[in-house]
Amino acid sequence: MGTAAVVAKKIMQLSKAEIAKRRLDEDGNLERFCSDCEEWWPADREFFYRQSRRGGRAPLHTYCIACYLERVKGYRLKRKQLAAAI
Ligand SMILES: [Zn+2]
């Protein structure tokens, strides 16, 4: 089975909520909506991290890599600030 067939099969298994976050660009490439910056990015690993296998239905992360890293940085900073305040 080719890669396109595998992707097509995965898309057919997506929930309504997941489908709402996907679209095709003019060239027919799959794009994904980042819930954080609210921008559309190519749905590949260059722009989105893969999620852990447990979820199953959401192979790519809800946030683009840039937003994800921002959030992780934010968490780390907050953790440091909280720890320092004690
Ligand atoms: Zn983003």
For this session: Considering only Ala17, Ala43, Ala66, give the residue with the highest GNM mean-square fluctuation for the chain, with springs between Cα atoms whenever their separation is below 10 Å.
Result: Ala17
For this session: Treating each Cα of the chain as an identical point scatterer and ignoring solvent, apply the Debye formula and state log10 I(q)/I(0) at q = 0.12, 0.17, 0.20 Å⁻¹.
Result: -0.44, -0.76, -0.97
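Could you give the longest part of the chain that holds none of the GluC sites (Glu not before Pro) found in DSSP loops with at most 16 neighbouring Cβ atoms within 10 Å?
47-86
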Problem set entry | C-alpha long axis of helix 65-85 to longest principal axis of the chain, angle in ° | 20 degrees
Problem set entry | Whole-Hz couplings from phi, Karplus 6.51/-1.76/1.60, listed for segment 18-33; x for Gly and Pro | 6, 5, 4, 9, 10, 7, 10, 7, 4, 8, x, 8, 6, 10, 10, 8
For this session: Considering Cα pairs under 8 angstrom that are at least six residues apart, work out the relative contact order of segment 3-85 and quote it in whole percent.
Result: 19 percent
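Once you mark the trypsin sites (Lys or Arg not before Pro) that are in a DSSP loop and have at most 10 other Cβ atoms within 10 Å, what is the longest gap between them in the chain? Can you show the working numbers first?
Numbers: sites that count: Arg53, Arg54.
Answer from the scan: 1-52.
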For this session: Output ³J(HN,Hα) for segment 7-13: one whole-Hz value per residue in order, computed from phi by the Karplus curve 6.51 cos²θ - 1.76 cosθ + 1.60 with θ = phi - 60°, and x for Gly and Pro.
Result: 5, 4, 5, 4, 4, 5, 8
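Readers should treat all values here as calculations from the given coordinates under stated rules, not as data from a laboratory. Fair warning: this is a prediction, and the values are worked out from it, not measured in the lab. So basically every Cβ, Gly included, is an ideal-geometry build from the backbone, and we count neighbours across all protein chains shown.
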